[in-house]
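As structure tokens, the structure follows; a few thoughts come after it.
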Amino acid sequence: MALHNFLNERIADFAVMYIKLHRFHWFVEGPDFYPHHAKFQELYEETTELFDEFAERLLAIGGAPVATLKKYLELTKISEEGSEVTPKDIYTTLIKDYTIMAEELKKGIEIAQSAGDEVTADMCIGTVNTLEKHVWMFKMSVK
């Protein structure tokens, strides 16, 4: 897979995750509403930064980031579907989605290194670290 294609897939993942996290933020229910509501806001703000960072990296290396909802849905590796409202259901979905995103980024490390792009490889490594830490925390939240 070409590096530009890989980056566009990750941009699509971040775009879809941004929308999902807003849905979780808006519709979470339960006695611990306030801390979950705040956590999902923190996560969508972080996702916004990653979305922008990966798009700007693609521009910096001569590519063009996809920028339509239709293309995001065509390229993403995560589902935008769902109706989760309980924290446990939401965290279970986030474990699945963040794991998929981390695995895809691990593939990108090799793609970037094969292209001689250590900067993009480093971005992927840092993002994998962030996502895997979140997965660990999500798992602790559903025990």
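Note on Asp122: accessible area is roughly 100 Å² with a 1.4 Å probe, heavy atoms of protein only.
To the nearest 500 deg cm²/dmol, what mean residue ellipticity at 222 nm is calculated for the chain from DSSP H runs of n ≥ 4 alone, each contributing -39,500 (n - 2.57), summed and divided by the residues?
Numbers: 5 runs with 112 residues, N = 143.
Calculated from helices alone, the mean residue ellipticity at 222 nm is -27500 deg cm²/dmol.
Can you check how the C-alpha radius of gyration of the chain compares to 2.2 N^0.38 Å, as a plain ratio? Numbers along the way, then the final one.
On the way: Rg = 15.2 Å, N = 143, 2.2 N^0.38 = 14.5 Å.
Working it through for the chain, the quotient is 1.05.
Calculated on the alpha-carbon coordinates, the convex hull of the stretch 60-143 measures out at 102 cubic angstrom per residue.
Note down the Stokes-Einstein diffusion coefficient of the stretch 35-90 in µm²/s, whole number, using a Kirkwood radius over alpha carbon pairs, 10 °C, and 1.306 mPa s.
It comes out at roughly 117 µm²/s.
In the stretch 13-124, Cα pairs under 8 Å separated by at least six residues give a relative contact order of 29 percent.
The shape of the stretch 77-117 comes out prolate: with a ≥ b ≥ c from the C-alpha gyration tensor, a/c is at least 1.5 and a/b beats b/c.
The values are calculated or read from the model by the stated rules, or taken from the named source; none is laboratory data. Keep in mind that what you see is a predicted model, and the values were worked out from it rather than measured. Just the protein is used for accessible areas: all its heavy atoms, side chains included, with ligands, DNA and RNA removed. Shrake-Rupley method; radii C 1.70, N 1.55, O 1.52, S 1.80 Å.
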